[in-house]
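**Q** A single structure is presented below for examination.
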Amino acid sequence: MGKRNNASSNKTASASTQTVAERAINLNASDSNVNEVLELLRAIKSPTSSTSRDAFDALVGLERFWCERLASGTLDELRESRKREDEAETPRRKYLEWFAKHYRTFTERTMDVMCDGGWDGRTRTLALAVLMECARCETPGRFSNEMYEEVVRRATSSADWSEELLGAMKTRYLTRVDVRYYTYVAMKKIAEGLRTYEAKAGRASRTDVARNVYDVLNATPREFEDHQSGNDASNPRDDFARMLAKLRAGQDAEEEAEKRGPWCEDAEGGAVDLESAKKRRKISSSVGASKWTEGVRHRRAFSEAWLALLRAEFPEDIYRKILMRLHVDVMPHMVNPQLLSDFCVDSIDVGGLTGMLALNGLFILMTQHGLEYPTFYNRLYQLLDGSCFHANHRRGFFSLMDVFLKSPALPAYLVASFVKRFARLSLSAPPAGAMLCVAFIHNLIRRHKSCAVLVHRENAATVDADPFDADEQDPAKTNALKSSVWEMETLRAHYCAQVPKMVSLLERDLTERVKTKELDMGDLCAASYGTLIAEEFDVRMKKVPLANHVEPFTSLFSTPEMKRCFDTFA
Amino acid sequence: MAKKKKHAKANPGSGGKRKFFQGATKTETETKSAFESVSVRKKFDILGRKVKGERGNVIKARTEAIEKRRRTLLREHEENGKANSFVDRRFGESDDGLSAEDKHIGRLAKARLRQYKKSKNFSLNDDDEDGFGTLTHLGQPLAEGDLTAKPNGDDDDDDNLDGEMTRAFHFGGGDFEPTLKRDGNGHDVSEPERRKTKKEVMEELIAKSKFHKAEKQKQREDDQYTLDKLDADFKVISQGGMLSSALRKAVGHMKPTTKAKSNAPEQEKDEYDTWARTLAYERRGQAGERARTQEEVEAQEKLALEQAERKRLKRMRGVNSDDESSDDDGPQGGYAARRRKAKKAERGDDDDVATDDVRREGGDDLDENFALDSAEEVEDEEEDGVGSEDEDDVSDEDEADDDMDDNARLRKSFRSELKDVEEDLDKGKNRLRKLGILQDGVEAKDSEEDEEDYEDEDEDDKDTEDEDEDDEDAEDEDDVVENDHAGVLRELEEEIAGNAASREGKNPDKKETPRHEAKSSESMRVDIPFTFPMPESYEDLAGMLGAHGAEDTFTIISRIRACNAPTLAAENRKRIQTLFGLLLQRFEIFAGQAPIPTDHLDVLSTHIVDLSAQVPFFAATAVKARVEKMSSRLRQALRSGETGWPPSRTVLLLSLFAAIFPTTDKVHPVMSPVSLYLGNLLAHCAIRSTKDAALAVIIATMSSMYSSASERVFPEAVALMSALVLSASRPKAHWSDGLPTHLAEQIGGPWLSSAINSSKSGTLSLPETLNGIYFGKVSDELLAVVTLRAALSCLRQLSRPVAKTASASEILLPVRSSVVTLRKALKNAKSPSAKLCEDFMKELDDSLSGSVKTPLAYHTKAAEAIKTYNPMYEEDGYQKGRDYDPNRERAEARKLKKQLKQEARGAMRELRKDNRFMADARAKEQAQAAEERGARQRDVLSFLEKQESDFKSGGQGGQIVKNKRRVSKGSRRAF
């Protein structure tokens, strides 16, 4: 190890036999070795010229060096000395200027380390930690949001944004109440800047940035309580609860609880001494409550960040992910969820799978937030097509469909159109889908007496073709009420025996509400080939009929069907 | 009396018989006064009508009511205001009718009785001075009886007393006259002969029965002992040769003297003896079923075929699929099967063979050869020229039989005769063994069993012998037939001893049937042995089959099966199951080989199909397990983003399943999941190459195989094939025009478009296609051409059942349009594909044109009968007071109301009467009080008057002579 380090330092630090680790130790051992900083900064310059181990050591050493000095207010001192013009030439002033300049270089380089895919994951994660530490210490007692914003901006727009970084961020920093708040603010700014964003070399493309922003936003825990600093212990109930939790889960619970506090007040987290921490605390209390302590501000920042993201361009996969979780993750935490209406309506207008997914959010908006959407059922009607039965999210879609169609106040023409649509779709649907269609038809006809003509029309004249217009997109003009569900007759010949069985349920007089029962859609929505096959296998074998061959069976390859298809082409 | 009447009143509606009796007693004992009885004036006397209160004694009722009030109300009134509740219970205290003397006597009696009751339990030796509790005997006090006069030895020692003594000196007897028993106090007399308690009676009963049982047991033991002894004696005698001489003598009596005197060797005698005995027990020959004529056989076959078809259709329609009565196809498990088996056994062998024949007409079942009972019959049929035409194995046998020369046939018949002789002999010997006459070391069969299961054993014997017959046929055809008796005997013994061994097939060349010789005659190799043990593992099987060709494999498997036919041994069924599993395994392995070994697979599948008839449940379970695995593998592949098309093994297995099980059943434990699996493949597997497309067509063909025979619709297959055809006819850039999005995604490209302009017109058979798909032996272009044609043909097959359904046009119009587009795109108008397109279009047009739809009418109910309101006739006629209201509730309510009213009225009446009574009582009381007061006043007044007169008369008691008259006058006046 030592040998390798020697070799590397030989390469990096010219004419010096000291390893990076030794230099780092020297730097922090006494104030006189400040010039080691330059050597160490060289070690983190680029992944091609130094090993990651050296960079790691250098980062650790430099972090300690800067953070200690920052925490003791060196930068403040510089600011004050700049006000006083007279001190321009004092050595202290010179040192301070040097300090500030190299501090900037240090942060720049560390950000590069963080963003550059050339470094290994561990070093990059460390770089992130170092930066976070700096953000905390830059102005003692205050979280440096400018710095943090820069970090996040660089991170999300880097071409080599990695899962590891996101994971580190999620577990270590996004749980902190202040970091969370500034994350929202930063994300909002980044998302707003996406429109004018231009990808340069080494930067991520616009869609990737959007993807990263989504990832970060998604990884941020959604907690919007007001933060009370310091007075947690005053509540005996909480105190006791914490004690219980500690007793139950051991040390972890305690640590977990600690990690939820604000990052800038976390004394144990970094390489700073207790003294400065105390000082910081004093300062923060004198400054007054920061923005991030208020839950309402949090919420607002959250809303704005999300809205900014939704307004920006983002790729299809993210679109689907957002739509899928919108009603769970975003909508309940928004200050004003109605602002999402446009987004949802636009999504449903896209149709297809996107439209299906948008239904979830739209449903919440309509039922809980008073959104009015007059052509909703027309949209729903258009959404219903053959690919619904093959989509992965069909279960959610159909259970929502069931909810929407439950209303007894729907007009007959609409219900009839839906019935006919389901019937048409059942012709080409897989068995589970066909059963689902029949169940929908059954329930709809049972709910709406006036649609019973679809299954029962007395003394009607025969027709040449189905009056129903399947291509019409407006359910009011489909002529569905003049039709009949002949498709059900075809389904009686379905190869899967459960489908005809289901169809036979329609033969009962569904207008007699006492004697009939609505079918439960829950299981049917979840049905698939797998469940159907499993069901078939669960049936106990009572008897096994065997094939009776009229001619003795001799060859596997000469069955009449096979012959017809491959030999005779009849 | 009064009580009785009340009772009668309480339930006036009870049975007439009782009333009659009561009426009778009343008329006898009760008042005859017309004044006392209630009289109801009836306007019309109606027979059978009952009027309430018609009969009754007014006076009595009134008296009773008053009496009751006196007891209750009046008493209450009297005790009103009194605090204590002392009740005088002294005898007769409340009874005014008793005189004081009677009262005393009564009280005394009561006191005595009480004392007696109290002391009764303990007063045996108590000398009551009253003599009340004194013990008596026969009505006389014990103390003064002359019992003491008798000699009395020892009182306590009961053991020494005999019955006489007991009778004399105990209470049980004595020399008193029996007449005495009846006078005196009854209880004293009955004591010596007290009734036995139930327990004692039962104990006695039990003891008796035990005793009898023991007796019987003893008797039996004695008998047994005697029997044993006799047997032993007999053995001694018979061993000494005395019996044979005696028997000879005895037989000699019955026989012609010449024979008796003939000096035959002893053994012959012995044999004759056996014969004689055997004949007595021999089963009479019974008339067998006559040989069936050609017509009959054919008719029966036709009938069986029709029956099978009917059953198949029934299952296809899915009606009453659980109907037990409809299934006797193939061996099934469960109770029903057992019952059926039992029934079959009852019907007898011949019948069984017949049904077996019928059942197996479809599959060529090898084990028919080894259903030994039927072997003869088959031969018979052959001799009659009724060879079964469809079974190659039987015909093989036929040939084999022809091969046999006359000499062999003769030998065979002779041998069978010899068998009969042996059989009888065997029986005789067995009997002798039992008696211990013949001692050849062979265990005699148990006598009881022998007698009871006579018939069964007989059949068993026959079985084994038939088997042996077969054995010998194969074994030693060139052997000299021995009719030497001793030889036969020896053989017999050998056979008995080595029976088990020979069954297990240790005999090296056992079971070689002529059939196999014929089968393998042309390809007869020296290195194929005739017998095979059942393979236990796949390695065994692989070792046996080795690198043999398909035909040899067929022979080897046939021989394995022949050696282990389930009819031969019970455990063979299990072995057959193992074999089935192994064959299936081998099939799978072969199916994965490149190129596909068609002939091997055919051979294996033939055997697998045959075997499945013997072990249907095992087959179903094995297949099910495989389908489950396939299905889960498919789901896993789809989840991990693969196309999911199955390997060749699975494809071939699927077609094998269709050969084993019927594809037409509506619900089938195996085929239903398999068809769902096919649907899953067609719906979700993405097509990413021409090979995938070809595979999709094969799977779709398979699905048509699974569905079109029963005229079912397979939507996934129709949709995919139609889309595939459509995608072929489009230019590459717009191949997905007009396809639904999910199908476009699934198909993924114009894989078959190379077939449009191709000039190739070769054909590929299925195995070739499979080879092409899996092992790339065919160029993509040829594959595309073949695939497109197959897809068209498959689509045509799939659309046939659809055309018959109600919404055919909805499904078939898109199909038609895609075929039309394809036809337009095809440049070469004379290519087979184009011709196929045209035919298909014509067919579609024919089926779609002129179709008319009738609106559905699902809810047609059977016409409901109009409600009729016929009058309801009362059987018993109109009854007054009964509520005829049809509304039950209302009637009930009204009844209750009426009751309430009645009760209220009655209660009011009673209250009124109570009041009147109380008023009477009070008036009486007042009158009495007034009376008392008046009397007292009178006394006082008279006293005062007297005093006054005394005073006036100057103490002379009013005796003033002078004034006497005046005073008296005056006093009189004063009053």
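The values are calculated or read from the model by the stated rules, or taken from the named source; none is laboratory data. Model, not experiment: these values are computed from the prediction. Note that each Cβ is placed from the backbone with ideal geometry, even for glycine, and that neighbours are counted across all protein chains shown. Just so you know, the surface numbers come from the protein's heavy atoms only, side chains and all, with ligands and any DNA or RNA stripped out. Shrake-Rupley method; radii C 1.70, N 1.55, O 1.52, S 1.80 Å.
**Q** In region A:435-535, which GluC sites (Glu not before Pro) are in a loop and have at most 11 other Cβ atoms within 10 Å, using DSSP for the loop call?
**A** Answer by residue number: A:Glu458, A:Glu512.
**Q** For the interface of chains B and A, what total accessible area is buried with a 1.4 Å probe, rounded to the nearest 100 Å²?
**A** The buried area between B and A, both sides summed, comes to about 7500 Å².
**Q** Rounded to a whole number, what % of the accessible area of region A:310-397 do carbon and sulfur atoms account for, probe 1.4 Å?
**A** 47
**Q** How charged is the neighbourhood of A:Gly386? Take every other residue with its Cβ under 15 Å from the Cβ of A:Gly386, and add Lys/Arg as +1 and Asp/Glu as -1. Display every interim value, and only then the final one.
**A** Values: positive: A:Arg394, A:Lys420, A:Arg421, A:Arg424; negative: A:Asp385, A:Asp471, A:Glu487, B:Glu716, B:Glu745, B:Glu810.
Overall, the nearby charge balance is -2.
**Q** Right, next: Percent of accessible area on region A:418-570 owned by carbon and sulfur, 1.4 Å probe?
**A** Details: 3200 of 6320 Å².
C and S fraction of accessible area: 51 percent.
**Q** Here's something else I'd like to know. Take the Cα pairs of region A:418-570, get the Kirkwood Rh, then feed it into Stokes-Einstein at 10 °C and 1.306 mPa s and tell me D in µm²/s.
**A** On the way: Rh = 18.3 Å.
Calculated translational D: 87 µm²/s.
**Q** On to the next question. Place a +1 charge on the Cβ of each Lys and Arg in region A:315-404 and a -1 charge on the Cβ of each Asp and Glu, then give the dipole magnitude about the Cα centre in debye, rounded to the nearest 20.
**A** With Lys and Arg at +1 and Asp and Glu at -1, about 260 debye.
**Q** Now for a different question. Once both labels are modelled 7 Å past Cα along the beta-carbon direction, what's the B:Arg114-B:Phe234 spacing in nm?
**A** Roughly 8.7 nm, to one decimal.
**Q** Counting only heavy atoms of the protein chains, get the accessible area per residue of region A:315-404 (1.4 Å probe) and round it to a whole Å² value.
**A** On the way: 3690 Å² over 90 residues.
On a per-residue basis, region A:315-404 sits at 41 Å².
**Q** Taking a 24 Å limit on the Cα-Cα distance, which of the listed pairs B:Lys50/B:Lys898; A:Lys542/B:Lys666; A:Lys420/B:Lys842; B:Lys302/B:Lys624 fall beyond it?
**A** Among B:Lys50/B:Lys898; A:Lys542/B:Lys666; A:Lys420/B:Lys842; B:Lys302/B:Lys624, the Cα-Cα distance tops 24 Å for A:Lys420/B:Lys842; B:Lys302/B:Lys624.
**Q** On to the next question. Indicate the residues belonging to region A:412-441 that lose 40 Å² or more of solvent-accessible heavy-atom surface (probe 1.4 Å) upon moving from the chain alone to the assembly of all protein chains, ignoring ligands and nucleic acids.
**A** A:Leu427
**Q** Take peptides B:584-597, B:559-572, A:427-440 and line them up by average Cβ neighbours within 10 Å, highest first, as a rough protection proxy.
**A** Ranking, from highest mean packing down: A:427-440, B:559-572, B:584-597.
**Q** Express the accessible area of region B:716-770 per residue in Å², computed with a 1.4 Å probe while the remaining protein chains stay in the model.
**A** 38
**Q** Follow-up question, since we're still on this one. 5 Å is the cut-off here: which amide hydrogens, built 1.01 Å from N in the peptide plane, fall below it relative to B:Ala857, excluding neighbours closer than 5 in sequence?
**A** A:Arg457
**Q** I've got another one for you. Using a 10 Å cut-off on Cβ atoms, rank the peptides A:95-108, A:380-393 from the highest mean neighbour count down. Intermediate values should be presented prior to the final figure.
**A** Details: A:95-108: 15.7, A:380-393: 18.0.
Highest-to-lowest ranking by the protection proxy: A:380-393, A:95-108.
**Q** Further, regarding this structure: For A:Arg79 and A:Ser205, what does the FRET efficiency come to when R0 = 60 Å and r is the distance between their Cβ atoms, rounded to the nearest 0.05?
**A** 0.95
**Q** What spacing in nm lies between the two simple spin-label points modelled at B:Gln585 and A:Asp471, each 7 Å away from Cα in the Cβ direction?
**A** A separation of 6.0 nm, rounded to one decimal place.
**Q** Taking N as the number of residues in region B:711-771, what is its alpha-carbon radius of gyration divided by 2.2 N^0.38 Å? If you can, show how the numbers build up before the last one.
**A** Numbers: Rg = 13.5 Å, N = 61, 2.2 N^0.38 = 10.5 Å.
Taking the Cα Rg and dividing by 2.2 N^0.38 Å, one obtains 1.29.
**Q** Let me ask something else about it. Just the number, please: Stokes-Einstein D of region B:687-846 in µm²/s, Kirkwood Rh from C-alpha pairs, 10 °C, 1.306 mPa s.
**A** 103
**Q** Here is a follow-up. Expressed in nm to one decimal, what extension gain is obtained for the pair B:Arg800 and B:Glu889 from 0.36 nm per residue of sequence separation less their Cα-Cα distance?
**A** 25.7 nm
**Q** Over 23 Å between Cα atoms, which of A:Lys517/B:Lys861; A:Lys477/A:Lys501; A:Lys501/B:Lys314; A:Lys501/B:Lys311; B:Lys82/B:Lys924 qualify?
**A** A:Lys477/A:Lys501
**Q** Here is a further query. Could you give the dipole magnitude of region B:668-798 about its Cα centre, charging the beta-carbon of Lys and Arg +1 and that of Asp and Glu -1, in debye to the nearest 20?
**A** My answer is approximately 180 debye.
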